[in-house]
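**Student:** After the structure tokens below, expect a handful of questions from me.
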């Protein structure tokens, strides 16, 4: 009986360390990934976005895997959805 308590006692710090690691690192990262995925799914025509390369553009057409974006009055390019960093909300400067 005493040996079983010793085994549990030796694993307790490891379990506590894993719990802290989960709540401080893993869980917030999963929430951020979920929010980014949801944002990508709800992109529509006219939304202003910032790409991972730092380009600021307006969505012209939304397709399944790609979006067509307008960089300026003359330039329209096709961009993979995975390269959208964030959506610029109304009122934000960009």
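Every read-out reported here was derived from the displayed coordinates using simple, explicitly stated rules and does not represent laboratory data. Keep in mind that what you see is a predicted model, and the values were worked out from it rather than measured. So basically every Cβ, Gly included, is an ideal-geometry build from the backbone, and we count neighbours across all protein chains shown.
**Student:** Explain nothing, just the number: relative contact order of the chain, from Cα pairs under 8 Å at least 6 residues apart, as a whole percent. Provide the component values of the computation, followed by the final result.
**Tutor:** On the way: 97 pairs, mean separation 19.0, N = 94.
It rounds to 20 percent for the chain.
**Student:** Here's something else I'd like to know. I need the Kirkwood Rh of the stretch 44-94: take the reciprocal of the average 1/r across all distinct C-alpha pairs and report it in angstrom.
**Tutor:** Result for the stretch 44-94, one decimal place: 10.8 Å.
**Student:** So what is the relative contact order for the stretch 44-94, in percent, with contacts set as C-alpha pairs under 8 Å and at least six apart?
**Tutor:** Here the relative contact order equals 34 percent.
**Student:** Using the number of other C-beta atoms within 10 angstrom as an exposure proxy, rank 27, 81 with the fewest first.
**Tutor:** Starting with the residue having the fewest Cβ neighbours, the order is 27, 81.
**Student:** Could I have the simple spin-label model distance between residue 90 and residue 11, label points 7 Å from Cα toward Cβ, reported in nm to one decimal?
**Tutor:** In this crude spin-label approximation the distance works out to 5.5 nm.
**Student:** Here's another thing I want to ask about it. Rounded to the nearest 0.05, what FRET efficiency do residue 37 and residue 76 have when you use their Cβ-Cβ distance and R0 = 22 Å?
**Tutor:** Efficiency at R0 = 22 Å is approximately 0.30.
**Student:** How far apart, in nanometres, would the label points at residue 30 and residue 58 be if each is projected 7 angstrom from Cα along the Cα-to-Cβ direction?
**Tutor:** 4.0 nm
**Student:** Okay, moving on. Principal axis extents for the chain, Cα atoms only, whole Å, descending order, please.
**Tutor:** Extents along the principal axes, in whole Å: 77, 28, 20.
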